[in-house]
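One structure is given here, and the rest of the page talks about it.
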4 protein chains.
Amino acid sequence: MTTFEALYVPAPLREAVSDQAWLTAMLEAEAALAKVTGAEVDEDVFQPEGYDIVALCEEGRADASPVVPLARALRERAPGAHGPATSQDILDTAAMLVARSARSLMLAELDGASAAAAALAEAHRSTVMAGRTLLQRARPTTFGLRAAGWLVGLVEARQRLVDARLPAQLGGPAGTLDPELASRFASELGLEEPVVPWHADRGPIAELAGALEAMGAACGKVGLDVVLLAESEVGEVSEADGGGSSSMPHKQNPASAVLARACARLVHANASLLTRGEHELDRAAGPWQAEWPALSAALAFAGGSAAAARRSLEGLRVHPDRMAENARGLGEDVGAAAALVDRALARYREHE
Amino acid sequence: MTTFEALYVPAPLREAVSDQAWLTAMLEAEAALAKVTGAEVDEDVFQPEGYDIVALCEEGRADASPVVPLARALRERAPGAHGPATSQDILDTAAMLVARSARSLMLAELDGASAAAAALAEAHRSTVMAGRTLLQRARPTTFGLRAAGWLVGLVEARQRLVDARLPAQLGGPAGTLDPELASRFASELGLEEPVVPWHADRGPIAELAGALEAMGAACGKVGLDVVLLAESEVGEVSEADGGGSSSMPHKQNPASAVLARACARLVHANASLLTRGEHELDRAAGPWQAEWPALSAALAFAGGSAAAARRSLEGLRVHPDRMAENARGLGEDVGAAAALVDRALARYREHE
Amino acid sequence: MTTFEALYVPAPLREAVSDQAWLTAMLEAEAALAKVTGAEVDEDVFQPEGYDIVALCEEGRADASPVVPLARALRERAPGAHGPATSQDILDTAAMLVARSARSLMLAELDGASAAAAALAEAHRSTVMAGRTLLQRARPTTFGLRAAGWLVGLVEARQRLVDARLPAQLGGPAGTLDPELASRFASELGLEEPVVPWHADRGPIAELAGALEAMGAACGKVGLDVVLLAESEVGEVSEADGGGSSSMPHKQNPASAVLARACARLVHANASLLTRGEHELDRAAGPWQAEWPALSAALAFAGGSAAAARRSLEGLRVHPDRMAENARGLGEDVGAAAALVDRALARYREHE
Amino acid sequence: MTTFEALYVPAPLREAVSDQAWLTAMLEAEAALAKVTGAEVDEDVFQPEGYDIVALCEEGRADASPVVPLARALRERAPGAHGPATSQDILDTAAMLVARSARSLMLAELDGASAAAAALAEAHRSTVMAGRTLLQRARPTTFGLRAAGWLVGLVEARQRLVDARLPAQLGGPAGTLDPELASRFASELGLEEPVVPWHADRGPIAELAGALEAMGAACGKVGLDVVLLAESEVGEVSEADGGGSSSMPHKQNPASAVLARACARLVHANASLLTRGEHELDRAAGPWQAEWPALSAALAFAGGSAAAARRSLEGLRVHPDRMAENARGLGEDVGAAAALVDRALARYREHE
């Protein structure tokens, strides 16, 4: 249903947020639960091959959740399964597992984009170009400093993503389960241990969503600037594999930059749902059930924006002659541009 | 990638906004174009079986659009295909065809929900219940009037959806194609004819998105009120097939109402992207390419909210005794409630 | 508290959505209510000078509404005042009165912008410029056709604004008041008569918000395109009173276009709150109380975007030589551009 | 123009984000700049009494910024003033100064709300109530644990707010100013020193906006739960100074909870604009100029939500008898509720 997802999102990330991945994550949570509660359940029971997620979703309409039928199916096969958990424990924990595996893919894309931005900053430390404010030529700057600005944005977004807590959830039907058990459950899965259950206090989701928005904004900024610098009349950069056109051979579209921008908009729209809150009492009646597609989409498009920004930057052709020409008459004084590039590179290397 | 879509969206609507449906719509647009330009192209060329949408999307990254490789493939098979169109002509027109077929499915769900609300309004014209403001008991009203309020909301949302223009697009690379050709193209497809090309003036998309938001809001309102009236302590309605719980047999979750609310949130998030505008000059470099997943999601979840509201209302069990009990002490004067119900039913019947 | 409102919003519109204007509108609603209920109340009681809106707001915190203390003050002066209304009747009706007076101011700005766009379309019917897709030069078009695109967007947004229903509200505490009374009340105020009270069914608010978003999008589109065409390297238009800079005399900022864009973003953010719905039962416990600042802001910034677009267009300097230069090599064939301009002008004149 | 701001926002916070406060902050930035550049400027020049912010805004339309005329006025009085800064340096720095002073007021409200939540958690550690999922009674919990959930949400939001960087800005027209100067400038004002200028890389603004959203969400959650627990049929809590109604003496509206929810929605709407990004090249042409009203509104309403949540919690009347009655039949086993309360209190005390 996500239209043209292969256009936006790299295949591994599409896989990582697929229904199959969510099913696998739910079963991983159930398996960890069985382990920490000492339930003796055959491992085969937790293999995703034994379940049909579409059927679980359709059956799950009666409970507004695919976990209720999944837990039923599990218990039929192994009475000790699912233990004292409530369906939200499994689903929230699965969401964090999905987010974790998506995060590692996203970080790889972000790192690629950052490395490319750092290389551009370094290589063009002294490449003079026009600084542009309100899209008017203002004073001279360097392309290295523009790339350094992208780099700092990417590095800071990375930090927010890395810092986002991914806590397990195990509170039981009223959130009153023993925190010791929750602690062992979290530890078994390598997730964080929350202070108290967060069934209806969605701080962790909002924090993650904020980090995804930051990522989208940083990558979308790269895309926007590349689009503007690649304009026909500006012509200061172009994308290596910019799409041509059989009927218009003079055109060379900055397609990756365009996709980075498109993905950033889609991240923002989906993240916005995740930061709204308004979850009722001990488990929400609608706001929670709206999160799953929005979270997957925010993860996927954030990764898509990073992948597109990376493609754009890795193949970026810089045209110093056009930069010089466009900066003519603005003077030569680029101030402390080189020192600022060094600061950005130093900040980047702290985190490399 | 849309997590758990089978939980939210009826199967025919999932189909109607699927990548396969988009591909079919693009080919339908191409076929109509061939016809009105007099290109002699074998009909087989326009059969979706001949194309792989995932491959087109992956190939399309170089152009930030799946249509560019599709048009290339078409022209390889039939040199006269694609004619004077630009890729956005095909994709915008396809979006309108997708929206049209989704709309007819959505209207059926909305009509079901409206019929159920009308029946409740009629049956409970005199069923006294507490009016509640700020969730405090205020003055008596009737359940018929509450249902009449839902009904008017549904009917007005339906009207907005029906009124939303679905124009064809055929402007060519710079939007300068002969409007006569665009007129024949629109007519061939049964779409509206725009005044001028709307490649970067997205009024039609925003208008449609607004109608989908209105639908989500009307259906979400039903869901919210059902959730509140079904609360354990209120107990004035319950859903026929409300999910039980093996461990908590006293629970009966208003699952359809919950899903109607969840879908409404998802509509709002996606529609919000579609009403933002900011499309650059003659074709946008990012904002346009962000629309496709948001439009499909908004259509699907709007339909999902209507389907869920319909299920909730069609099977709604009303408990007049609890209503009477909860209204005790508020007096008996329900004012003009019955006359207001009649007004709502009359409004509904105008549009039936 | 609205930072720098005098930067964005013309003085009359600031006045029209001020707290004083809301107070006046509430009193106008109360006066009309007294009239249709036959209460004999001295007209002086309804003069805004007798009330302090800041004090009413502070006192109103105990009721989450400034109308409760206002109604109390009214009844102290004239026991027959406020009649059978509930506080939401007065406030919703006042909102519609505020919207109506803001609308007439907004329409004047929109009409000015449309007239300027029409004049540009007419004058530059044959002024060749580069069509730009993804900000790359594509094929030739005319500046007249670009202006015609703006014009159609403005005309269609105007239509949505004019079409937005502005219904009175008079339902009493549980929404059960006699619709005959509501009808006379609406008629007295020159507002529309709703089918049933809309205390918690916010279709009218959402519809109005959608129209304001459309207006912001149409005006923001003008702003965006002017900014892009005014870029130093493009140089095809400039604003007559574009801000210079003492230190950078070569700069000429398209300040009005920039403000049109800024206002459009602010409209979108505020309108988004108004289209969310989720109003509980017969009067919402939070969602309703959030509407007032968002509605005023959406009205003010929509008007601000129109005023800024108008200033930008009315003083726009068009540079056909640069257009010709930038279009060099793209050929001369502007297709049906002139005919499309005529279609846009015809559409505009229908509504003039 | 912010309708009814005295209803939502405490007077000191209204003051802290007023136009007068922004003017004062801009002049404080200018004074610090004069100091670090060694310009000899009479201190009187930086007194806000000498300037009229409304006039500066109206004059500033020509530059889409009130700082340009302010800098002009300053330089007329003292040629050495404004130094090498660009207008955005002053305005971004002023925004951070405004945010800092608003933050200290917000933290006081948040701390009051947290203390009240902690006291409730402690006092009601063993007060049994029904846990409610999907607004259906599920299993027993304690009111202490519900309050502990609020507490953790408030504490975590506080942390995000405290952690939000507030960097100074001093990059000059093209962002190339000496970072040493920027460092001294930041130090003079007690603001953070950024790695590189962030004129168009709005990470700091987005981070702050995210913290404000988190605050709104945490306070809005308190409001939502209080509204639900105060429902007539539930009756488990009531607000001390809940608004009565002359015509309906049985009503007692949870007015502060309602306002906390309303403010939270308004925070979300405004914050959403601030997390979007899309700032062009070295200074944006619209996206930046849209930030000021959104930032002030987000600050004010975030503080308003905290103040309202605080009032609600500080005066909250808890009705253990109703809690016991509503929980009848659910059993007595509240699991580890008391231990979880302790964990929440420990987390709170870390930060007290």
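The values are calculated or read from the model by the stated rules, or taken from the named source; none is laboratory data. Note that the structure is a prediction, hence the values are computed from the model and not measured. Virtual Cβ from ideal backbone geometry, glycine too; neighbours counted across all protein chains shown. Areas reflect the complete protein model, heavy atoms only, side chains present, ligands, DNA and RNA absent. Shrake-Rupley method; radii C 1.70, N 1.55, O 1.52, S 1.80 Å.
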Exercise. Please state which of the following conditions A:Gln252 fails to meet, knowing it meets all the rest: (1) modelled with pLDDT under 95; (2) in contact with a Lys or Arg (Cβ under 9 Å, 6 or more places away or on another chain); (3) of a type outside the set (A, V, I, L, M, F, W, C).
Key: (2)
Quiz item: Given the structure, is C:Ser232 more than 26 Å from the chain's Cα centre (by Cα) and of a type outside the set (Lys, Arg)?
Solution: yes
Exercise. Return only the number of the condition from (1) in a loop (DSSP other than H, G, I, E, B); (2) over 25 Å from A:Glu58 (Cα atoms); (3) at the interface with chain A (Cβ under 10 Å from one of its Cβ atoms); (4) open to solvent by less than 10 Å² (accessible area, probe 1.4 Å) that B:Glu231 does not satisfy.
Key: (2)
Exercise. Among the residues of the range C:103-138, write down those that are more than 14 Å from every other protein chain (Cβ to nearest Cβ) and either on the phi > 0 side of the Ramachandran plot or of a type in the set (S, T, N, Q) (or both).
Key: C:Ser104
Quiz item: For B:Ala182, all conditions in the list (1) of a type in the set (A, V, I, L, M, F, W, C); (2) farther than 15 Å from B:Val341 by Cα; (3) over 30 Å from the mean Cα position of the chain (by Cα) hold save one; what is the number of the exception?
Solution: (3)
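Return a yes/no flag: does the range C:296-309 have any residue that is assigned to a loop (DSSP other than H, G, I, E, B) and surrounded by 24 or more Cβ atoms within 10 Å (Cβ to Cβ). Spell out how you get there, then give the answer.
Going through the range C:296-309, the residues assigned to a loop (DSSP other than H, G, I, E, B) turn out to be none.
No; the residues of the range C:296-309 include none that is assigned to a loop (DSSP other than H, G, I, E, B) and surrounded by 24 or more Cβ atoms within 10 Å (Cβ to Cβ).
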Exercise. Please give the number of the condition C:Glu325 fails out of (1) open to solvent by 10 Å² or more (accessible area, probe 1.4 Å); (2) assigned to a helix (DSSP H, G or I); (3) at the interface with another protein chain (Cβ under 9 Å from one of its Cβ atoms).
Key: (3)
Practice problem: Would you check which residues across the range D:36-92 are open to solvent by 10 Å² or more (accessible area, probe 1.4 Å), part of a loop (DSSP other than H, G, I, E, B), small (Gly, Ala, Ser) and within 19 Å of C:Phe4 (Cα to Cα) and list them? | Solution: none
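Quick grid of which residues meet (1) of a type in the set (Ser, Thr, Tyr); (2) more than 28 Å from B:Ser187 (Cα to Cα); (3) modelled with pLDDT under 95:
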site: B:Ser104; (1), (2), (3): yes, no, no
site: B:Arg125; (1), (2), (3): no, yes, no
site: B:Ala130; (1), (2), (3): no, yes, no
site: B:Leu134; (1), (2), (3): no, yes, no
site: B:Ala147; (1), (2), (3): no, yes, no
site: B:Val155; (1), (2), (3): no, yes, no
site: B:Asp163; (1), (2), (3): no, no, no
Practice problem: Go through the range B:269-281 and count every residue that is more than 7 Å from chain A (Cβ to nearest Cβ) and open to solvent by less than 20 Å² (accessible area, probe 1.4 Å). | Solution: 7
Quiz item: Limited to the range A:169-183, what total is found for residues that are surrounded by 24 or more Cβ atoms within 10 Å (Cβ to Cβ) and outside any loop (DSSP other than H, G, I, E, B)?
Solution: 1
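Going by the structure shown, is C:Ala116 buried (at least 23 other Cβ atoms within 10 Å of the Cβ) and not in a helix (DSSP H, G or I)? Step through it out loud before you land on a result.
Numbers: buried (at least 23 other Cβ atoms within 10 Å of the Cβ): yes; not in a helix (DSSP H, G or I): no.
When the stated conditions are applied, C:Ala116 does not pass them.
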Exercise. Return only the number of the condition from (1) part of a helix (DSSP H, G or I); (2) more than 9 Å from every other protein chain (Cβ to nearest Cβ); (3) buried (at least 24 other Cβ atoms within 10 Å of the Cβ) that B:Ala186 does not satisfy.
Key: (3)
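Output the residues belonging to the range D:299-314 that are of a type outside the set (Gly, Ala, Ser) and at the interface with chain C (Cβ under 10 Å from one of its Cβ atoms). Break it down stepwise before answering.
From the range D:299-314, those of a type outside the set (Gly, Ala, Ser) are D:299, D:301, D:310-311, D:313-314; that's our starting set.
D:Leu299, D:Phe301, D:Arg311 - these are the residues of the range D:299-314 that are of a type outside the set (Gly, Ala, Ser) and at the interface with chain C (Cβ under 10 Å from one of its Cβ atoms).
Filter the range A:119-151 down to residues that are among the small types (Gly, Ala, Ser) and open to solvent by 40 Å² or more (accessible area, probe 1.4 Å) and give me whichever is nearest to C:Leu229 (Cα to Cα). Give the steps one after another, and end with the answer.
So in the range A:119-151, the residues among the small types (Gly, Ala, Ser) come out as A:119, A:121, A:123, A:126, A:130-131, A:138, A:144, A:147-149.
Right, trim to open to solvent by 40 Å² or more (accessible area, probe 1.4 Å) and you get A:119, A:123, A:126.
On the way: A:Ala119: 32, A:Ala123: 31, A:Ser126: 29 Å.
Within the range A:119-151, the match that is nearest to C:Leu229 (Cα to Cα) is A:Ser126.
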Self-check item: Odd one out for A:Gly286, checked against (1) open to solvent by less than 10 Å² (accessible area, probe 1.4 Å); (2) facing another protein chain (nearest Cβ under 9 Å); (3) over 30 Å from C:Gly235 (Cα atoms); (4) touching a residue at least 40 places away in the same chain (Cβ under 8 Å)
Solution: (4)
Practice problem: Write out, first by first residue and then by second, each pair whose Cβ atoms fall under 6 Å of each other, whose residues are 6+ apart or on separate chains, and whose first residue, in the range C:110-124, is in contact (Cβ under 8 Å) with a residue 40 or more places away in the chain while the second is open to solvent by 10 Å² or more (accessible area, probe 1.4 Å). | Solution: C:Leu110/C:Arg158; C:Gly112/C:Arg310; C:Ala113/C:Arg310; C:Ala116/C:Glu314; C:Ala118/C:Tyr348
Quiz item: Of all the residues that make up the range C:195-228, how many are out of contact with any Asp or Glu (no Cβ under 9 Å at 6 or more places or on another chain) and either under 22 Å from B:Trp150 (Cα atoms) or surrounded by fewer than 24 Cβ atoms within 10 Å (Cβ to Cβ) (or both)?
Solution: 3
Exercise. Determine whether D:Glu28 is open to solvent by 70 Å² or more (accessible area, probe 1.4 Å) and farther than 16 Å from D:Ser87 by Cα.
Key: no
Quiz item: Can you tell me how many residues in the range D:8-25 are outside any helix (DSSP H, G or I) and either over 24 Å from D:Ala294 (Cβ atoms) or open to solvent by less than 10 Å² (accessible area, probe 1.4 Å) (or both)?
Solution: 2
Exercise. Could you figure out which of (1) more than 22 Å from D:Ala200 (Cα to Cα); (2) over 19 Å from the mean Cα position of the chain (by Cα); (3) buried (at least 24 other Cβ atoms within 10 Å of the Cβ) isn't true of D:Leu154?
Key: (2)
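Of everything in the range C:148-183, what is farther than 25 Å from B:Gly210 by Cβ and at the interface with chain B (Cβ under 10 Å from one of its Cβ atoms)? Give them in sequence order. Please lay out each step first, then the result.
Going through the range C:148-183, the residues farther than 25 Å from B:Gly210 by Cβ turn out to be C:170-183.
Once the filter is applied, which keeps residues that are farther than 25 Å from B:Gly210 by Cβ and at the interface with chain B (Cβ under 10 Å from one of its Cβ atoms), the range C:148-183 yields C:Gly171, C:Gly172, C:Pro173, C:Ala174, C:Gly175, C:Thr176, C:Leu177, C:Asp178, C:Pro179, C:Glu180, C:Leu181, C:Ala182.
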